[in-house]
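Below is one structure, written out as structure tokens; the observations come after it.
What follows draws every value from the coordinates through simple rules; no lab data is involved. From a predicted model like this one, the values you see are computed outputs, not experimental measurements. Using ideal geometry, Cβ is built from the backbone for each residue, glycine included, and neighbour counts are taken over all protein chains shown.
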Amino acid sequence: MTYAEYTYSELAMGGVTSRGNVLNASDFKAALSKNTQAGCYRNHFKFTVDFQRYVAANNGSVRGYKGSCYTDYFWLDIDDAQELSKALDTAKVYINRLATEYGIPADHLRTFFSGKKGFHIGIPAEVFSLTASKELPAICKTLAKSLAGDLDYDAGVYDRTRLFRLNNTKHEGSGLYKVELHPKEILNCDNVQEILDVATAPRNLTRDYFPEDSFGLLDNLVKTGTPETLPVESDEAKEKWLSDLIDNGSKSPGRTAAVMRLGGYYKSKGIPEDVSFSLITAWDISKNTPPLTGDPDYPPDKIKKCVADAYKYPDGEDTTIDIDSDIKYHTCISVYKDAPAYVEKFSKNRLKFGYDRIDKDSGRLGKGEVGIILAYAGVGKTVLAQNIQMYNSQQGVSSIMFSLEMNAMRLYFRQLGIQWKMSSAEVEKTFLAGDGSTLVNEKTDAYSNMMVVDHVPMSVPLMSDCISQAPCEVGLVIVDHVGLLMDPGKEEYERMGNLSRDLVLMAKELDVAVLAVYQTNRTGNNGEIRLGMGRGSGMIEANCDIALGFWENENDPTHRHLKLLKARHGQSGVTIEMFFDGTSPRLIAY
């Protein structure tokens, strides 16, 4: 279905701040020919000539426009500011999920590298029977939430006048181009450098795609309605953001947006600009973390300028900025002074597994990162995790093992067995004989920074509370095993995907290293462990920084293989041979 009158969009050339130039699509080419092709954007949605008239009447401002719009493609924007490889993994999962769960094959999609930190996946509007309307942005936002499930995406692209980078134009920061990729190029890519190499120049991809084959395929996912039937925020909810912001302040990033929003609110209440500036400055100093006032990374008049900008907008407009202007643009010069401290902290905070070749090739596990152990049931994955925990305890790292299968006493017997090279049965016999005190000495005291929480049921939020309230600062968290954690997801895929994501967020929020144990599915028939064998969700491997596969040597039941399956900061592929030290649970590498 076509909407011939929906041909008007903004064309912003030279950056997202160059707004207000609304053109008919037929005039884009001529305008772009005069540009250097750096920092060129257009609106995500398309509009009628009414949009052009509105902007002209509002002195070039697009804010507050509520008119009808349309889009030829429903877009998913997948970003990861720190690791492009994470965004690539997520894009792969999206493409596979669209095919397997929604019946949208790759040939129906258009996919792009954004030019810096992510990917855009476009699904033809025909698939959902999308129509032009005033409610289309809200419909797309709801649709994105349905399709994404446990996966990350940028919900901001569905704002009515949000800008979207144009194909074959250069990103101002990276110097790379937004280029079209075949979906199979994304699925088959094992090294993001391949994509970065393609993006060094514009690219015109010749390919076929077949949106007409799936017209209306998923129209049941689209929630339509008039403005009166769409959810309406209550007056109480509208004002709650104000009380929350005044009481709690804002953290970086986000302080600039908060200042802008407060400025717009005070203006709407008739408060003079200079009074607004004084109120916001006092609030910033007392509530924001850290305050913008005095922040050396920003000019001294940062708040004054933000308030002035907020007062420029027409009455009634939402002054929440479209992009996070609290982002700091670092250069080699601006970060030079922080480099020594960063390297020192980086070196101190990376944890070892205790096996030299794995530690060397993996780059080790940092705070805020997640490592995983993939293993079949019954091969000793808990023993491996406990060996790693004890090694780090000897290095002075305090840790918590959340044990959802074994109680703390059984793990204590194992700990003594590892320490004294005894089997757990021998440890028990020693206690039964009344000689348990012989197993406790100054070496045992060295493990006093190891903690076990065996409370069940356990969830990620409860786990976070336990870590925050621990009697000492925790550096390592071990989860044994993830499949036993509680989560509201109904299906296993949803539940395991949620847990995988939540563990990553917990690691970053609490600044701890997380080592999560997962049982595998049975696709390998107890043979070598490979990525993709985690039970329940492909997000298990996509979200982790380091992945270890652990399985039994088929020729010797006392021996094990430990393989480095993924190393975001190192080189995967190495396999080491391990064996149990006699009858004890102590694992030694050859």
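Each Cα pair under 8 Å and six or more residues apart adds its separation to the average, and for the range 8-221 the resulting relative contact order is 24 percent. Summing charges over all other residues whose Cβ lies under 15 Å from the Cβ of Glu554, with Lys and Arg as +1 and Asp and Glu as -1, gives -2. Placing R0 at 45 angstrom, the Cβ-Cβ distance between Glu172 and Lys421 gives a FRET efficiency of 0.15 after rounding to 0.05.
Under a model in which nothing but the beta-carbon of Lys, Arg (+1) and Asp, Glu (-1) is charged, the range 349-589 shows a dipole of about 400 debye around its Cα centre.
Dividing the convex hull volume of the alpha-carbon atoms in the range 88-206 by its residue count gives 117 Å³ per residue. Taking a point 7 Å out from the Cα of Val192 in the direction of its Cβ, the residues of the range 80-100 whose backbone N falls within less than 18 Å of it are 80-95. Quick note on the range 358-448: its Rg to Rh ratio, both from C-alpha atoms and Rh being the Kirkwood radius, is 1.00. In units of the compact-protein estimate 2.2 N^0.38 Å, the range 8-221 shows a Cα radius of gyration of 1.00. Here the dipole of the chain is about 1040 debye; that uses its Cα centre as origin and unit charges on the Cβ of Lys and Arg (positive) and Asp and Glu (negative). Sequence-distant contacts, meaning Cα pairs under 8 Å at least 6 residues apart, place the relative contact order of the range 349-589 at 31 percent.
Relative contact order, whole percent, for the chain stands at 11, derived from Cα pairs under 8 Å and 6 or more residues apart. Charge tally for Ala385 (other residues, Cβ to Cβ under 12 Å; Lys, Arg +1; Asp, Glu -1): 0.
By other beta-carbon atoms within 10 Å, ranking His108, His120, His182 with the fewest at the front produces His182, His108, His120. Counted by Cβ distance under 15 Å from Asn407, the other residues give a net charge of -2, where Lys and Arg count +1 and Asp and Glu count -1.
Across the range 433-443, rounded Karplus estimates of 3J(HN,Hα) from the backbone phi angles (6.51 cos²θ - 1.76 cosθ + 1.60, θ = phi - 60°) give 7, x, 10, x, 5, 6, 8, 10, 8, 5, 5 Hz, Gly and Pro being marked x.
In the chain, the DSSP beta bridges split such that about 60 percent are antiparallel, to the nearest 5.
Placing unit charges on the Cβ atoms only, positive for Lys and Arg and negative for Asp and Glu, gives the range 1-125 a dipole magnitude near 340 debye about its Cα centre. What the Cα atoms of the chain give is an Rg and a Dmax of 27.7, 91 Å.
What is the Cα centroid distance between the range 405-453 and the range 152-185, reported in whole angstrom? Result: 56 Å between the Cα centres. For the range 190-195, 3J(HN,Hα) computed residue by residue from phi via the Karplus equation (6.51, -1.76, 1.60; θ = phi - 60°) reads 9, 9, 4, 4, 4, 6 Hz, glycine and proline entered as x. The lysine pair tally for the range 8-221, using Cα distances under 14 Å and a gap of 8 or more places or different chains, is 11. Full extension of the chain between Tyr412 and Tyr3 yields a length gain of 140.3 nm, computed as 0.36 nm times the residue separation minus the alpha carbon distance. According to the Kirkwood relation over distinct C-alpha pairs, the hydrodynamic radius of the range 361-511 is 16.6 Å.
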